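The values are calculated or read from the model by the stated rules, or taken from the named source; none is laboratory data. Computed from a prediction, not measured in an experiment: that's the story for all the values here. Please note: Cβ atoms are built from the backbone with ideal geometry, for glycine as well, and neighbour counts cover all protein chains shown. These area figures cover heavy atoms from the full protein model, side chains too; ligands, DNA and RNA do not enter into them. Shrake-Rupley method; radii C 1.70, N 1.55, O 1.52, S 1.80 Å.
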Amino acid sequence: MASDGSDPIPPHKTFDTILVLDFGSQYSHLITRRLRELNVYSEMLPCTQKLKDLEWTPKGIILSGGPYSVYWDDAPHVDPAAFELGVPILGICYGLQEIAWHFDNKNVLAGEKREYGHAYLKVERHGDGQTGGHVDGLFKGLEDDMEVWMSHGDKLGHLPEDFITIAKTINAPFAGIANKTKPLYGIQFHPEVTHTPKGKFLLKNFAIDICQAKADWTMGKFVDQEIARIRALVGEEGQVIGAVSGGVDSTVAAKLMQQAIGERFHAVLVDNGVLRLNEAQQVKETLTKGMGINLTVVDASERFLGKLKGVTDDPEKKRKIIGNTFIEVFQETAKKIAEEAHGSDKAGEIEWLLQGTLYPDVIESISFKGPSATIKTHHNVGGLLEGMHLKLIEPLRELFKDEVRELGTNLGIPEDLVWRHPFPGPGIAIRILGEVTPEQVRIAREADYIFIEEIKAAGLYRNISQAFAALLPVKAVGVMGDKRVHDQVIALRAVETTDFMTADWYPFDGAFLKKVSRRIVNEVNGVCRVVYDITSKPPGTIEME
Ligand code: GLN
């Protein structure tokens, strides 16, 4: 949580935790998510984690899938100490092969047939006799025939000693294995993906029944532990500063800080002149009057717009100007706040910088990318930290986005804010293609406002992941009131996505688009045409610049 590595009360010390060791599968993080959805806390670490370096004991370990073959010379292997820990272990795909390999390094081979996609699994039960019954635990309560999802080319040639088969498919005679005496299990299919419809029950059997992990991971409980953790970290007098944007992450983080340390948390909203219509004002009202957050709003619109003037060629340049100016303004403001907070002679006693890092950012920086991978650190606050000598505090760093939303609701943050679509740091500057001028900002803002207002009125806001109006750098001819006009073109964009990595455009009905188009052309001066962007991602991106 803190950049210096000290963490007084990490969740894995408060909550029973299932450790997922990541062998590089693209689904590894989903295992963690599914467990959290079952209210069982789970954390992911790279497969290279040495267990003696772990300062806590997991209730169980899951070995993920991975793109390697266990019999390769440079294949990653789990720390053998995992098998000495005495906690249950479940291997998924590569993980199953890894367990088998650990006990008998001749039994995994390249299969003649690769198996990708759906498969039918037949569960084999052994009753209570010879094995004491625990081997049946993984499929307890599940039907004998299961639809599962597979993605593998290697397979087990034979069972390691003391293991028995607990499930089969036509292609994989050892699709599920279990140790006869110890709680060690392996499955060839992926229970974490939704294509394995009953996969979550299997993970539940493992985590709750077999590992006996308490299902107490709820946002209500997290709030209490997190507030205690922030207080322990910051101390009786420590002060924290953080930027807020009105987005869900920074608002939830700010509310948590306010509950933990009250006025000693200083929120800063920088109005960069390219926020949405009335946004700075609205965020101010909600955060101060509604939520009691100690907020400073800095109107730096002119400064930002002044620097953006004349920039027409390269969109990256806009992003850089806005990013750098933001850092300058934030640092100046932080200095002022520090002086006011402590009297000018003791300036700079704010020690901490709040950052709304989420678990996917953490996963991205630690996930296993292969034997030669270097560990990547995230650098989104790099610029701020360099100039400010602050320590980082990241109260959301264990949470997935849906957990942040649940936490927000739990903290009483208005629904509107909790479900707000993501909004880019450079704001509508990157939705104004071409030069950003005050007049272009006005047009883009008004059009966007109408579009979002209509989406909300039609009850579609939550079905859409991100929507906005962009202003194109072209002019088109139109006829308005019998007069020929030569005005600008607005492009509407709305996408559906679960992870923002891929996205599809939202299929509005014609009547809706007609209404939005009519309103924009009628109400926004300077616009004579509206088009709808029907490009998916890839090849498009969600934003236009
Ligand atoms: N590389 C291994 C195989 O092909 C494991 C694949 C996986 O974990 N998805 O069988």
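Residues in segment 349-383 that are closer than 21 Å to A260 by Cα and at pLDDT below 85: E349 only. Pairs are defined by a Cβ separation below 6 Å, a sequence spacing of at least 6 or placement on different chains, a first member in segment 153-165 that is on the phi > 0 side of the Ramachandran plot, and a second member that is part of a strand (DSSP E or B); the pairs so defined are D162/N179. Among residues of segment 21-34 that are of a type in the set (D, E), those with a beta-carbon under 7 Å from a residue that is within 12 Å of the ligand (Cβ to nearest atom) and open to solvent by less than 10 Å² (accessible area, probe 1.4 Å) at least six positions away or on a different chain give the pairs D22/S28; D22/C47; D22/S64. When segment 107-134 is limited to residues that are within 16 Å of K155 (Cβ to Cβ) and buried (at least 19 other Cβ atoms within 10 Å of the Cβ), the one that is farthest from the ligand (Cβ to nearest atom) turns out to be L121. For segment 142-160, state whether one or more residues are away from the ligand (no atom under 16 Å from the Cβ), closer than 21 Å to V40 by Cβ and open to solvent by less than 10 Å² (accessible area, probe 1.4 Å). No, segment 142-160 has no match at all. The set of residues in segment 294-320 that are assigned to a helix (DSSP H, G or I), within 29 Å of the chain's Cα centre (by Cα) and surrounded by fewer than 19 Cβ atoms within 10 Å (Cβ to Cβ) comprises P315, E316, K317, R319, K320.
Selection of strands (runs of 3 or more DSSP E) fully inside segment 441-545 by the criterion of at least 1 residues being free of Cβ contacts under 8 Å to residues at least 24 places away in the same chain and touching an Asp or Glu at 6+ places or on another chain (Cβ under 9 Å) returns 466-480. Considering segment 404-428, and only residues there that are aliphatic (A, V, I, L, M) and touching an Asp or Glu at 6+ places or on another chain (Cβ under 8 Å), the residue that is nearest to A491 (Cα to Cα) turns out to be I428. There is at least one residue in segment 22-44 that is of a type outside the set (G, A, S), surrounded by 24 or more Cβ atoms within 10 Å (Cβ to Cβ), within 16 Å of the ligand (Cβ to nearest atom) and assigned to a loop (DSSP other than H, G, I, E, B). Looking at K483, K515, K456, which is the one that is closer than 25 Å to W419 by Cα, more than 28 Å from the chain's Cα centre (by Cα) and open to solvent by 50 Å² or more (accessible area, probe 1.4 Å)? None of the other options fit; the residue is K515. Of all residues in segment 274-292, those satisfying the criterion of being open to solvent by less than 80 Å² (accessible area, probe 1.4 Å) and not basic (K, R) are V274, L275, L277, E279, A280, V283, T286, L287, T288, G290, M291, G292.
Of all residues in segment 45-71, those that are open to solvent by 10 Å² or more (accessible area, probe 1.4 Å), within 16 Å of the ligand (Cβ to nearest atom) and part of a strand (DSSP E or B) total 1. When residues in segment 405-417 are screened for being touching a helix residue (DSSP H, G or I) at 6+ places or on another chain (Cβ under 6 Å) and over 16 Å from G220 (Cα atoms), 1 of them pass. Is it the case that F330 is in contact with a Phe, Trp or Tyr (Cβ under 9 Å, 6 or more places away or on another chain) and either over 24 Å from P438 (Cα atoms) or assigned to a helix (DSSP H, G or I) (or both)? The answer is no for F330.
I'm trying to understand the selection: among the residues of segment 86-97, which are near the ligand (Cβ under 8 Å from one of its atoms) and assigned to a loop (DSSP other than H, G, I, E, B)? The answer is C93, and nothing else. If the condition is being small (G, A, S) and in contact with a Ser or Thr (Cβ under 8 Å, 6 or more places away or on another chain), then segment 500-545 contributes A503, S536. Selection within segment 161-189: residues that are within 16 Å of the ligand (Cβ to nearest atom) and aromatic (F, W, Y). The member of this set that is most open to solvent (accessible area, probe 1.4 Å) is F174.
Are any of the residues in segment 98-106 in contact with a helix residue (DSSP H, G or I) (Cβ under 8 Å, 6 or more places away or on another chain), more than 16 Å from the ligand (Cβ to nearest atom) and in contact (Cβ under 8 Å) with a residue 12 or more places away in the chain? Scanning segment 98-106, I find no residue that is in contact with a helix residue (DSSP H, G or I) (Cβ under 8 Å, 6 or more places away or on another chain), more than 16 Å from the ligand (Cβ to nearest atom) and in contact (Cβ under 8 Å) with a residue 12 or more places away in the chain, so the answer is no. Under the condition of being among the acidic types (D, E) and not in a strand (DSSP E or B), which residue from segment 251-284 is nearest to R231 (Cα to Cα)? Taking the candidates together, the pick is E263. For L19, are the conditions met, namely being within 12 Å of the ligand (Cβ to nearest atom), on the phi < 0 side of the Ramachandran plot and open to solvent by less than 10 Å² (accessible area, probe 1.4 Å)? Criteria not met by L19.
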